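**Student:** Pasting a structure below so you can have a look.
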Amino acid sequence: MSAPVADGNDALTGHIISTTIGGKNGEPKQTISYMAERVVGTGSFGIVFQAKCLETGEAVAIKKVLQDRRYKNRELQLMRMMDHPNIITLSNYFFSTTSRDELFLNLVMEYVPETIFRVIKHYSSMKQRMPLIYVKLYTYQIFRGLAYIHTVPGICHRDVKPQNLLVDPLTHQVKLCDFGSAKVLVEGESNISYICSRYYRAPELIFGATEYTTSVDIWSAGCVLAELLLGQPLFPGENQVDQLVEIIKILGTPTREEIRCMNPNYTDFRFPHIKAHPWHKVFHKRMPPEAIDLASRLLQYSPKLRYSAVEAMAHPFFEELREPNARLPNGRSLPPLFNFKKELDGAPPELLPKLIPEHVRRQTGLGFLYSAETQTQM
(Lines give C-alpha, C1' and ligand atoms only; values in the text may rest on other atoms or scores of the structure.)
Protein backbone atom coordinates (compact mmCIF):
# COMPACT_ATOMS: atom_id res chain seq x y z
CA MET A 1 0.00 0.00 0.00
CA SER A 2 1.51 3.32 -1.01
CA ALA A 3 0.77 6.34 1.15
CA PRO A 4 -0.25 9.70 -0.26
CA VAL A 5 2.20 12.60 -0.27
CA ALA A 6 1.08 15.88 1.25
CA ASP A 7 2.56 19.26 0.42
CA GLY A 8 4.83 21.34 2.68
CA ASN A 9 4.47 20.33 6.26
CA ASP A 10 6.16 22.39 8.96
CA ALA A 11 4.90 21.26 12.35
CA LEU A 12 4.03 24.76 13.50
CA THR A 13 1.02 25.68 15.60
CA GLY A 14 -1.92 26.35 13.33
CA HIS A 15 -0.26 24.78 10.28
CA ILE A 16 -2.69 22.63 8.28
CA ILE A 17 -1.59 19.42 6.56
CA SER A 18 -3.99 17.90 4.03
CA THR A 19 -3.76 14.43 2.55
CA THR A 20 -6.08 12.15 0.60
CA ILE A 21 -7.10 8.59 1.37
CA GLY A 22 -9.04 6.04 -0.66
CA GLY A 23 -9.28 6.17 -4.45
CA LYS A 24 -8.43 2.48 -4.93
CA ASN A 25 -10.76 -0.17 -6.40
CA GLY A 26 -13.35 2.47 -7.22
CA GLU A 27 -13.40 3.91 -3.70
CA PRO A 28 -14.09 7.64 -3.57
CA LYS A 29 -11.10 9.81 -2.66
CA GLN A 30 -11.40 11.60 0.63
CA THR A 31 -9.40 14.56 1.93
CA ILE A 32 -8.24 14.52 5.55
CA SER A 33 -6.77 17.67 7.09
CA TYR A 34 -4.81 17.93 10.32
CA MET A 35 -4.13 21.17 12.16
CA ALA A 36 -0.90 21.11 14.20
CA GLU A 37 -1.57 22.36 17.74
CA ARG A 38 1.58 21.84 19.82
CA VAL A 39 4.85 19.93 19.92
CA VAL A 40 4.70 17.12 22.52
CA GLY A 41 8.08 15.46 21.90
CA THR A 42 11.34 15.88 20.02
CA GLY A 43 14.37 13.66 19.59
CA SER A 44 17.00 12.43 17.17
CA PHE A 45 14.14 10.64 15.32
CA GLY A 46 12.22 13.85 14.53
CA ILE A 47 9.22 15.45 16.18
CA VAL A 48 5.84 14.44 17.67
CA PHE A 49 3.04 16.98 17.69
CA GLN A 50 -0.56 17.02 18.81
CA ALA A 51 -2.98 17.84 16.02
CA LYS A 52 -6.69 17.92 15.35
CA CYS A 53 -8.42 16.21 12.45
CA LEU A 54 -10.54 19.03 10.99
CA GLU A 55 -13.10 16.64 9.47
CA THR A 56 -13.86 14.72 12.69
CA GLY A 57 -12.56 16.98 15.49
CA GLU A 58 -10.54 14.01 16.79
CA ALA A 59 -7.27 14.74 18.62
CA VAL A 60 -4.31 12.83 17.17
CA ALA A 61 -0.55 12.61 17.69
CA ILE A 62 1.59 12.84 14.55
CA LYS A 63 5.15 11.55 14.59
CA LYS A 64 7.13 13.14 11.76
CA VAL A 65 10.42 11.46 10.82
CA LEU A 66 12.89 12.10 8.01
CA GLN A 67 12.54 9.24 5.54
CA ASP A 68 15.47 7.80 3.58
CA ARG A 69 14.03 7.17 0.12
CA ARG A 70 16.20 4.03 -0.27
CA TYR A 71 14.62 2.13 2.65
CA LYS A 72 11.26 1.20 4.07
CA ASN A 73 10.48 2.56 7.53
CA ARG A 74 10.61 -0.31 10.05
CA GLU A 75 8.42 1.49 12.62
CA LEU A 76 5.63 1.89 10.05
CA GLN A 77 5.85 -1.78 9.04
CA LEU A 78 5.66 -2.92 12.68
CA MET A 79 2.81 -0.58 13.61
CA ARG A 80 0.71 -1.87 10.73
CA MET A 81 1.12 -5.43 12.12
CA MET A 82 -0.25 -4.61 15.59
CA ASP A 83 -3.75 -4.36 17.00
CA HIS A 84 -4.09 -4.45 20.78
CA PRO A 85 -5.77 -2.38 23.55
CA ASN A 86 -2.39 -1.76 25.25
CA ILE A 87 -0.51 -0.74 22.09
CA ILE A 88 -0.80 2.72 20.53
CA THR A 89 -3.03 2.61 17.42
CA LEU A 90 -1.82 3.80 14.01
CA SER A 91 -4.85 5.44 12.38
CA ASN A 92 -3.25 6.81 9.21
CA TYR A 93 0.10 7.65 7.63
CA PHE A 94 1.31 9.80 4.78
CA PHE A 95 4.50 11.30 3.37
CA SER A 96 5.24 15.01 3.09
CA THR A 97 7.95 16.94 1.28
CA THR A 98 9.71 20.22 2.01
CA SER A 99 11.06 22.91 -0.30
CA ARG A 100 14.51 21.27 0.13
CA ASP A 101 13.05 18.06 -1.35
CA GLU A 102 13.33 16.20 1.98
CA LEU A 103 10.82 13.40 2.40
CA PHE A 104 9.11 12.98 5.77
CA LEU A 105 6.96 10.10 6.99
CA ASN A 106 4.02 11.17 9.17
CA LEU A 107 2.57 8.49 11.47
CA VAL A 108 -0.90 9.50 12.67
CA MET A 109 -1.80 7.88 16.00
CA GLU A 110 -4.48 8.17 18.63
CA TYR A 111 -3.69 10.93 21.12
CA VAL A 112 -3.27 9.85 24.75
CA PRO A 113 -2.66 12.86 27.03
CA GLU A 114 -0.50 11.49 29.87
CA THR A 115 2.61 9.37 30.39
CA ILE A 116 3.55 7.14 33.31
CA PHE A 117 6.69 9.31 33.58
CA ARG A 118 4.56 12.38 34.37
CA VAL A 119 2.30 10.43 36.74
CA ILE A 120 5.38 9.27 38.73
CA LYS A 121 6.65 12.88 38.83
CA HIS A 122 3.25 14.09 40.07
CA TYR A 123 3.26 11.74 43.07
CA SER A 124 6.95 12.45 43.80
CA SER A 125 6.34 16.22 43.78
CA MET A 126 3.48 15.71 46.28
CA LYS A 127 5.80 13.52 48.42
CA GLN A 128 3.22 10.73 48.11
CA ARG A 129 3.46 7.08 47.12
CA MET A 130 1.42 6.02 44.14
CA PRO A 131 -1.63 4.03 45.34
CA LEU A 132 -0.90 0.31 44.85
CA ILE A 133 -4.04 -0.20 42.75
CA TYR A 134 -2.51 2.09 40.09
CA VAL A 135 0.88 0.34 40.30
CA LYS A 136 -0.90 -2.98 39.71
CA LEU A 137 -3.12 -1.61 36.96
CA TYR A 138 -0.31 0.08 35.03
CA THR A 139 2.18 -2.76 35.38
CA TYR A 140 -0.35 -5.45 34.43
CA GLN A 141 -1.24 -3.56 31.25
CA ILE A 142 2.46 -3.10 30.39
CA PHE A 143 2.88 -6.89 30.59
CA ARG A 144 -0.28 -7.44 28.56
CA GLY A 145 1.08 -5.22 25.79
CA LEU A 146 4.46 -6.99 25.95
CA ALA A 147 2.82 -10.45 25.95
CA TYR A 148 1.07 -9.45 22.73
CA ILE A 149 4.07 -7.98 20.87
CA HIS A 150 6.43 -10.76 22.02
CA THR A 151 3.99 -13.55 21.05
CA VAL A 152 1.89 -12.46 18.09
CA PRO A 153 4.15 -10.42 15.77
CA GLY A 154 7.32 -11.45 17.69
CA ILE A 155 8.45 -7.86 18.23
CA CYS A 156 10.95 -6.70 20.85
CA HIS A 157 10.25 -3.04 21.78
CA ARG A 158 13.82 -2.31 23.00
CA ASP A 159 12.94 1.02 24.67
CA VAL A 160 10.40 0.32 27.43
CA LYS A 161 10.50 3.26 29.88
CA PRO A 162 7.97 5.50 31.68
CA GLN A 163 8.14 8.14 28.89
CA ASN A 164 7.00 5.52 26.33
CA LEU A 165 4.03 4.36 28.39
CA LEU A 166 0.96 6.48 27.74
CA VAL A 167 -1.93 6.57 30.19
CA ASP A 168 -5.45 7.91 29.84
CA PRO A 169 -6.09 9.91 33.05
CA LEU A 170 -9.84 9.09 33.01
CA THR A 171 -9.87 5.36 32.27
CA HIS A 172 -6.27 4.54 33.39
CA GLN A 173 -5.77 2.50 30.23
CA VAL A 174 -2.05 2.16 29.40
CA LYS A 175 -0.60 2.08 25.88
CA LEU A 176 2.95 1.23 24.87
CA CYS A 177 4.20 3.72 22.26
CA ASP A 178 7.30 4.67 20.24
CA PHE A 179 8.30 1.65 18.19
CA GLY A 180 11.25 3.54 16.65
CA SER A 181 13.77 1.11 18.23
CA ALA A 182 11.57 -2.00 17.91
CA LYS A 183 12.53 -5.04 15.86
CA VAL A 184 11.34 -8.57 15.13
CA LEU A 185 14.13 -10.63 16.69
CA VAL A 186 15.25 -13.66 14.68
CA GLU A 187 17.18 -16.41 16.48
CA GLY A 188 20.80 -16.51 15.35
CA GLU A 189 20.63 -13.02 13.83
CA SER A 190 22.83 -10.30 15.31
CA ASN A 191 21.30 -7.11 16.75
CA ILE A 192 22.81 -3.87 18.02
CA SER A 193 23.37 -3.80 21.79
CA TYR A 194 23.42 -0.02 22.19
CA ILE A 195 19.67 0.39 22.47
CA CYS A 196 17.25 1.09 25.32
CA SER A 197 17.45 4.13 27.61
CA ARG A 198 20.19 3.74 30.23
CA TYR A 199 18.21 3.36 33.49
CA TYR A 200 16.10 0.60 31.89
CA ARG A 201 18.88 -1.18 29.94
CA ALA A 202 19.17 -4.91 30.62
CA PRO A 203 22.60 -6.05 31.86
CA GLU A 204 23.22 -8.26 28.80
CA LEU A 205 22.99 -5.11 26.66
CA ILE A 206 25.53 -3.37 28.91
CA PHE A 207 27.75 -6.46 28.40
CA GLY A 208 27.46 -5.93 24.63
CA ALA A 209 25.32 -8.98 23.81
CA THR A 210 24.06 -9.04 20.22
CA GLU A 211 21.94 -12.23 20.35
CA TYR A 212 19.57 -11.14 23.11
CA THR A 213 15.86 -11.97 23.36
CA THR A 214 12.60 -10.21 24.21
CA SER A 215 13.60 -10.63 27.88
CA VAL A 216 15.41 -7.27 27.54
CA ASP A 217 11.89 -5.75 27.59
CA ILE A 218 11.06 -7.75 30.73
CA TRP A 219 14.07 -6.26 32.54
CA SER A 220 12.95 -2.76 31.48
CA ALA A 221 9.39 -3.46 32.69
CA GLY A 222 10.84 -4.67 36.02
CA CYS A 223 12.68 -1.35 36.33
CA VAL A 224 9.40 0.50 35.63
CA LEU A 225 7.60 -1.58 38.31
CA ALA A 226 10.33 -0.73 40.84
CA GLU A 227 10.12 2.97 39.90
CA LEU A 228 6.34 2.99 40.38
CA LEU A 229 6.84 1.46 43.84
CA LEU A 230 9.78 3.72 44.82
CA GLY A 231 8.82 6.99 43.12
CA GLN A 232 12.31 7.19 41.56
CA PRO A 233 14.49 5.07 39.22
CA LEU A 234 15.91 1.90 40.79
CA PHE A 235 19.19 1.98 38.82
CA PRO A 236 20.06 5.66 38.11
CA GLY A 237 23.44 5.15 36.40
CA GLU A 238 25.30 8.23 35.17
CA ASN A 239 26.96 6.36 32.30
CA GLN A 240 27.19 2.83 30.87
CA VAL A 241 29.77 1.62 33.46
CA ASP A 242 28.01 3.32 36.37
CA GLN A 243 24.76 1.67 35.23
CA LEU A 244 26.33 -1.75 35.81
CA VAL A 245 27.64 -0.57 39.21
CA GLU A 246 24.09 0.48 40.23
CA ILE A 247 22.76 -2.96 39.24
CA ILE A 248 25.57 -4.79 41.10
CA LYS A 249 24.86 -2.73 44.25
CA ILE A 250 21.42 -4.40 44.43
CA LEU A 251 21.79 -7.76 42.64
CA GLY A 252 25.35 -8.38 43.80
CA THR A 253 28.25 -9.46 41.58
CA PRO A 254 27.05 -11.76 38.78
CA THR A 255 28.37 -15.34 38.92
CA ARG A 256 30.44 -16.75 36.03
CA GLU A 257 27.33 -18.67 34.92
CA GLU A 258 25.18 -15.50 34.97
CA ILE A 259 27.83 -13.64 32.96
CA ARG A 260 27.92 -16.53 30.47
CA CYS A 261 24.13 -16.26 30.08
CA MET A 262 24.43 -12.54 29.35
CA ASN A 263 27.48 -12.61 27.06
CA PRO A 264 29.85 -15.63 26.84
CA ASN A 265 32.75 -13.35 25.77
CA TYR A 266 32.91 -11.76 29.23
CA THR A 267 33.32 -14.85 31.44
CA ASP A 268 36.98 -14.08 32.26
CA PHE A 269 36.14 -10.53 33.27
CA ARG A 270 36.90 -9.94 36.96
CA PHE A 271 34.48 -7.94 39.11
CA PRO A 272 34.92 -6.93 42.77
CA HIS A 273 32.82 -9.29 44.89
CA ILE A 274 29.72 -7.52 46.23
CA LYS A 275 26.92 -9.32 48.08
CA ALA A 276 23.34 -8.91 46.91
CA HIS A 277 21.26 -6.33 48.77
CA PRO A 278 18.09 -8.05 50.13
CA TRP A 279 15.07 -7.05 48.03
CA HIS A 280 12.90 -6.31 51.07
CA LYS A 281 15.44 -3.64 52.09
CA VAL A 282 15.25 -1.96 48.67
CA PHE A 283 11.59 -1.05 49.26
CA HIS A 284 9.86 0.51 52.27
CA LYS A 285 8.82 -1.64 55.24
CA ARG A 286 5.11 -1.88 54.40
CA MET A 287 5.64 -3.01 50.80
CA PRO A 288 3.49 -6.11 50.07
CA PRO A 289 5.67 -9.23 49.71
CA GLU A 290 3.98 -10.01 46.34
CA ALA A 291 5.32 -6.73 44.89
CA ILE A 292 8.86 -7.52 46.07
CA ASP A 293 8.60 -11.10 44.79
CA LEU A 294 7.49 -9.96 41.31
CA ALA A 295 10.32 -7.38 41.06
CA SER A 296 12.87 -10.05 42.03
CA ARG A 297 11.59 -12.43 39.32
CA LEU A 298 11.86 -9.79 36.59
CA LEU A 299 15.25 -8.34 37.56
CA GLN A 300 17.42 -11.44 37.17
CA TYR A 301 20.86 -11.36 35.54
CA SER A 302 20.15 -14.49 33.52
CA PRO A 303 17.68 -13.60 30.71
CA LYS A 304 16.29 -17.18 30.72
CA LEU A 305 15.42 -16.97 34.43
CA ARG A 306 13.32 -13.82 34.05
CA TYR A 307 9.57 -14.28 33.93
CA SER A 308 7.92 -14.04 30.53
CA ALA A 309 5.27 -11.32 30.15
CA VAL A 310 2.47 -13.92 30.50
CA GLU A 311 4.04 -15.40 33.65
CA ALA A 312 4.24 -11.88 35.09
CA MET A 313 0.53 -11.29 34.34
CA ALA A 314 -0.38 -14.46 36.28
CA HIS A 315 1.58 -13.35 39.38
CA PRO A 316 -0.36 -13.02 42.68
CA PHE A 317 0.54 -9.29 42.82
CA PHE A 318 -2.24 -8.72 40.24
CA GLU A 319 -4.89 -10.83 42.04
CA GLU A 320 -6.84 -7.72 43.14
CA LEU A 321 -7.42 -6.79 39.46
CA ARG A 322 -9.08 -10.18 38.83
CA GLU A 323 -11.71 -9.78 41.55
CA PRO A 324 -15.26 -9.46 40.14
CA ASN A 325 -15.96 -6.21 42.01
CA ALA A 326 -12.55 -4.55 41.37
CA ARG A 327 -12.95 -0.80 40.86
CA LEU A 328 -10.86 2.36 40.51
CA PRO A 329 -10.56 4.42 43.73
CA ASN A 330 -13.28 6.78 42.39
CA GLY A 331 -15.70 3.85 42.00
CA ARG A 332 -15.46 3.67 38.20
CA SER A 333 -14.82 0.40 36.35
CA LEU A 334 -11.29 -0.71 35.58
CA PRO A 335 -10.24 -0.45 31.92
CA PRO A 336 -10.70 -3.72 29.96
CA LEU A 337 -8.06 -6.18 31.19
CA PHE A 338 -9.26 -9.56 29.91
CA ASN A 339 -10.26 -8.89 26.26
CA PHE A 340 -7.30 -10.99 25.13
CA LYS A 341 -6.04 -10.80 21.53
CA LYS A 342 -3.99 -13.96 21.01
CA GLU A 343 -1.42 -12.90 23.62
CA LEU A 344 -2.26 -16.09 25.55
CA ASP A 345 -1.43 -18.30 22.54
CA GLY A 346 1.30 -20.64 23.71
CA ALA A 347 0.81 -19.73 27.39
CA PRO A 348 1.38 -22.67 29.77
CA PRO A 349 -2.09 -24.30 30.23
CA GLU A 350 -1.78 -24.21 34.04
CA LEU A 351 -1.65 -20.38 33.89
CA LEU A 352 -4.92 -19.98 31.97
CA PRO A 353 -7.24 -20.36 35.00
CA LYS A 354 -5.20 -17.64 36.76
CA LEU A 355 -5.15 -15.33 33.74
CA ILE A 356 -8.85 -15.58 32.91
CA PRO A 357 -10.88 -14.98 36.10
CA GLU A 358 -13.92 -17.17 36.71
CA HIS A 359 -16.36 -14.25 36.35
CA VAL A 360 -14.88 -13.50 32.89
CA ARG A 361 -15.07 -17.19 31.88
CA ARG A 362 -18.75 -17.25 32.83
CA GLN A 363 -19.50 -14.06 30.86
CA THR A 364 -17.68 -15.25 27.74
CA GLY A 365 -18.75 -18.89 27.91
CA LEU A 366 -15.15 -20.05 28.35
CA GLY A 367 -15.81 -21.80 31.64
CA PHE A 368 -15.95 -25.30 30.14
CA LEU A 369 -12.45 -24.87 28.64
CA TYR A 370 -10.80 -24.39 31.99
CA SER A 371 -12.94 -26.45 34.35
CA ALA A 372 -10.62 -29.48 34.05
CA GLU A 373 -7.51 -27.37 34.74
CA THR A 374 -9.20 -25.63 37.64
CA GLN A 375 -10.08 -28.99 39.22
CA THR A 376 -6.47 -30.15 38.94
CA GLN A 377 -5.38 -26.98 40.79
CA MET A 378 -7.74 -27.68 43.73
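The values are calculated or read from the model by the stated rules, or taken from the named source; none is laboratory data. Values in this document were obtained by computation on a predicted structure and should not be read as measured data. So basically every Cβ, Gly included, is an ideal-geometry build from the backbone, and we count neighbours across all protein chains shown.
**Student:** Within the stretch 7-30, is even one residue at pLDDT 95 or above and among the charged types (D, E, K, R)? Even if it seems obvious, please write down each step before you answer.
**Tutor:** Let us first name the residues in the stretch 7-30 that are at pLDDT 95 or above, namely none.
No.
**Student:** Continuing with this model, one more query. Take the residues of the stretch 135-175 that are assigned to a helix (DSSP H, G or I) and without any contact (Cβ under 8 Å) to a residue 60 or more places away in the chain: which is nearest to the chain's Cα centre (by Cα)?
**Tutor:** This residue is Asn164.
**Student:** Something else: Residues being surrounded by fewer than 17 Cβ atoms within 10 Å (Cβ to Cβ) and assigned to a helix (DSSP H, G or I): count how many of those fall in the stretch 298-330.
**Tutor:** The qualifying residues number 5.
**Student:** Looking at (1) in contact (Cβ under 8 Å) with a residue 60 or more places away in the chain; (2) over 14 Å from Phe207 (Cα atoms), which one does Lys249 not meet, given that it meets all the others?
**Tutor:** (1)
**Student:** On to the next question. Among the listed residues Val216, Val241, Val224, identify the single one that is assigned by TED's automatic domain parsing to the domain that holds Met130 and in contact with a Cys (Cβ under 9 Å, 6 or more places away or on another chain).
**Tutor:** It is Val216.
**Student:** Test Glu258 against the criterion of being acidic (Asp, Glu), under 23 Å from Thr214 (Cα atoms) and in the same structural domain as Lys161 (by TED's automatic domain parsing), and give yes or no.
**Tutor:** yes
**Student:** Do you know which of the residues in the stretch 200-234 that are of a type in the set (A, V, I, L, M), closer than 24 Å to Tyr266 by Cα and buried (at least 24 other Cβ atoms within 10 Å of the Cβ) is nearest to the chain's Cα centre (by Cα)?
**Tutor:** Ile218
**Student:** So Glu258 ticks every box in (1) of a type in the set (D, E, K, R); (2) loosely packed, with under 15 Cβ neighbours inside 10 Å; (3) in contact (Cβ under 8 Å) with a residue 40 or more places away in the chain but one. Which box is left unticked?
**Tutor:** (2)
**Student:** Would you mention how many residues in the stretch 67-92 are in contact (Cβ under 8 Å) with a residue 24 or more places away in the chain and either in the same structural domain as Leu146 (by TED's automatic domain parsing) or assigned to a strand (DSSP E or B) (or both)?
**Tutor:** The qualifying residues number 3.
**Student:** Would you tally the residues in the stretch 44-66 being at positive phi and either without any contact (Cβ under 8 Å) to a residue 24 or more places away in the chain or of a type in the set (D, E, K, R) (or both)? If you could, list the steps in order and put the result at the bottom.
**Tutor:** Restricting attention to the stretch 44-66, the residues satisfying the condition of being at positive phi are 46, 57.
Subsequent filtering for residues that are either without any contact (Cβ under 8 Å) to a residue 24 or more places away in the chain or of a type in the set (D, E, K, R) (or both) retains 57.
Matching residues across the stretch 44-66 total 1.
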